[in-house]
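Asks: Provided herewith is a single structure, encoded as structure tokens, for subsequent inquiry.
The values are calculated or read from the model by the stated rules, or taken from the named source; none is laboratory data. Source: prediction; values computed, not measured. All Cβ positions, even for glycine, are placed from backbone atoms using ideal geometry, and neighbour counts span all protein chains on display. For accessibility, only protein heavy atoms count, side chains too; no ligands or nucleic acids. Shrake-Rupley method; radii C 1.70, N 1.55, O 1.52, S 1.80 Å.
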Amino acid sequence: MHVQARPTSLPAVDEFVQDVVAGLSRTPKTLPPRYFYDDVGSPLFEAITALPEYGLTRADERLLRQHAHEICRLAGGRAHIVELGSGSGRKTRWILEAFGKPAYHAIDVSAAALDQCRRELSPYSRILLHQGTYTDGLRTATALRGRDPVLVLFIGSTIGNFQPHDALAFLRHVRSALHPGDLFLIGFDLVKSGRTLVDAYDDPTGVTAAFNLNLLARMNRELGADFHLRSFAHEARYNEDARRVEMHLRSLRDQTVFLGAAQRQFHFAPGETIWTESSHKFVASELSAIAIDCGFREVAQWLDAEWPFAESLWSAV
Ligand code: AVJ
């Protein structure tokens with residue numbers, strides 16, 4: 001096993017400060033959702049996936065479990081498997097088992113996530129860990145493919161967190177790292193009722209609220225900020241026209257927050273929000289056109305009956 005670590009931890013902090021300053025200087029204020037996933041946020045996300053209101057992860061896992069052998073068959077029985085965002089490993093296991101101990105590259109920015117991935121998935125694969133961005137990980141992982149075909153996994157509907165335009169650019173970028181005939185397995189959460197979606201992102205237990213508010217706590221811990229967490233409220237709305245769930249943190253009063261790492265302060269009007277995440281929802285019939293648009297063709301598509309979700313298998317053209 002090899003681990004590609006960041007050179008030092010300093011660039012990570014720099015990037016975090018820069019992203020926070022840029023996001024809080026904007027109107028409306030925004031923060032990138034990738035910063036949710038730290039040592040507090042990642043376990044909170046795991047808890048979200050167990051909530052009865054949040055059916056997304058269970059639908060994804062059902063589909064992977066049910067169709068893993070067919071995916072392996074469609075891949076010709078062997079591949080170097082490369083996963084973008086290693087997650088917890090629980091879902092990926094089904095694929096690795098079907099392929100019978102394949103070479104498996106896990107890519108994630110979080111060392112903790114990779115560590116968990118190694119613990120859970122090394123029994124089922126020849127695992128290689130790549131700490132860093134998807135772009136860098138994809139490059140190093142595919143360089144090690146030898147003569148094998150590559151199967152890239154991008155499950156869990158992480159694609160929904162991109163703005164539509166950025167999503168297409170990202171899918172084309174993935175395609176550019178592949179050879180014709182390589183496969184791409186991607187999960188898409190589908191449109192469902194606004195009520196169901198708001199319940200999924202604003203659960204009555206408050207786990208998603210904690211997940212969202214942890215972003216403020218993380219800035220306090222890592223960037224010397226002085227956010228008063230009780231002065232912000234979690235909010236989830238479904239924007240039906242844009243087909244996305246938006247998560248926000250709403251300022252409950254007029255307040256000024258100091259960001260130590262940047263020696264800057266930011267003002268919040270009462271009711272003003274920080275937009276922390278968009279989770280785009282798709283319709284199954286649009287997916288094959290997206291594949292073609294990005295240099296792939298659709299090989300198969302599987303839908304979950306209980307929670308509208310699509311698992312798509314694409315082949316690089
Ligand atoms: C991991 C990006 C798929 O957008 O549904 C869960 C993250 N945010 N609850 C999603 C999330 C709030 C999740 N993804």
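Asks: For the chain, what does -39500 (n - 2.57) per DSSP helix run (n ≥ 4), summed and divided by total residues, give at 222 nm, in deg cm²/dmol to the nearest 500? The partial results should precede the final answer.
Replies: Numbers: 10 runs with 118 residues, N = 317.
Only helices count here, giving -11500 deg cm²/dmol.
Asks: Report the extension gain between R78 and V299 in nm, rounded to one decimal, defined as 0.36 nm multiplied by the number of residues separating them, less their alpha carbon distance. Please list the in-between numbers first.
Replies: Working: separation 221, 0.36 × 221 = 79.56 nm, distance 1.65 nm.
Stretched fully, the R78-V299 segment lengthens by 77.9 nm.
Asks: Gain in length, S122 to V21, computed as 0.36 nm per residue apart minus the alpha-carbon separation, to one decimal in nm? The partial results should precede the final answer.
Replies: Working: separation 101, 0.36 × 101 = 36.36 nm, distance 3.91 nm.
Result: 32.5 nm gained on full extension.
Asks: Right, another one. DSSP loop (so not H, G, I, E, B), at most 11 other Cβ within 10 Å: list which trypsin sites (Lys or Arg not before Pro) in the range 144-181 pass both filters. Present the calculation step by step, with values, prior to reporting the outcome.
Replies: Working: sites: R145, R147, R172, R175; in loops: R145, R147.
Sparse-neighbourhood loop trypsin sites (Lys or Arg not before Pro): R147.
Asks: In degrees between 0 and 90, to the nearest 10, how far off the longest principal axis of the chain does helix 111-121 point, with axes built from Cα atoms?
Replies: In the chain, helix 111-121 runs at an angle near 30 degrees to the longest axis.
Asks: If you roll a 1.4 angstrom probe over the protein chains with everything in place, what fraction of the accessible area of the chain belongs to carbon and sulfur, to the nearest %?
Replies: Numbers: 7430 of 13970 Å².
Using a 1.4 Å probe with all protein chains present, the chain comes out at 53 percent carbon and sulfur.
Asks: Let me ask you something else. Taking 7 Å along the Cα-to-C-beta vector as the label spot, tell me the A50-K101 distance in nanometres, rounded to one decimal.
Replies: Taking the simple label geometry, A50 and K101 are separated by 3.2 nm.
Asks: At E240 and R90, where each label point lies 7 Å from the Cα along Cα→Cβ, what is the point-to-point distance in nanometres?
Replies: Here the answer is 3.3 nm between the modelled labels.
Asks: Skipping prolines and chain starts, which residues have an amide H placed within reach, meaning under 5 Å, of the one on L190, given they are 5 or more residues away or on another chain?
Replies: F282, F309, A310
Asks: Using 13 Å as the cut-off for backbone N distance, which residues of the range 253-289 belong to the label zone defined by a point 7 Å from the Cα of V191 along Cα→Cβ?
Replies: 281-287
Asks: For the range 262-317, which GluC sites (Glu not before Pro) pass both filters: DSSP loop (anything but H, G, I, E, B) and at most 13 other C-beta atoms within 10 Å? Can you show the working numbers first?
Replies: Working: sites: E272, E277, E286, E298, E306, E311; in loops: E272, E306.
Within the range 262-317, the qualifying GluC sites (Glu not before Pro) (loop, at most 13 other Cβ atoms within 10 Å) are E306.
Asks: A further question on this structure: Calculate the spin-label point distance for V13 paired with R221, positioning each point 7 Å from the Cα along the beta-carbon direction, and give it in nanometres.
Replies: Taking the simple label geometry, R221 and V13 are separated by 1.5 nm.
Asks: Could I ask something else about it? Calculate how steeply helix 164-176 sits against the longest principal axis of the alpha-carbon atoms of the chain, using the helix alpha-carbon long axis, and give the answer as 0 to 90 degrees to the nearest 10.
Replies: 40
Asks: A further question on this structure: Out of the DSSP beta bridges found with both residues in the range 169-300, what percent are antiparallel (nearest 5)? Don't jump to the answer; show the numbers that get you there.
Replies: Values: 21 of 22 bridges.
Counting only bridges with both partners in the range 169-300, antiparallel ones make up about 95 percent.
Asks: Further, regarding this structure: Starting from the Cα coordinates of the chain, work out the convex hull volume and express it per residue in Å³.
Replies: Values: hull volume 39.7 nm³, N = 317.
Looking at the chain, the number lands at 125 Å³ per residue.
Asks: Using the Cα centre of the range 35-188 as origin and beta-carbon charges of +1 (Lys, Arg) and -1 (Asp, Glu), tell me which of T57, L44, F154 is placed farthest towards the positive end of the dipole.
Replies: The one lying farthest along the dipole's positive direction is F154.
Asks: Another one. Quick check: from the Cα gyration tensor, does the range 132-267 come out rounded (a/c under 1.5), prolate or oblate? Kindly include the intermediate steps, with their values, before the conclusion.
Replies: Working: a/c = 2.86, a/b = 1.61, b/c = 1.78.
In terms of gyration-tensor shape, oblate.
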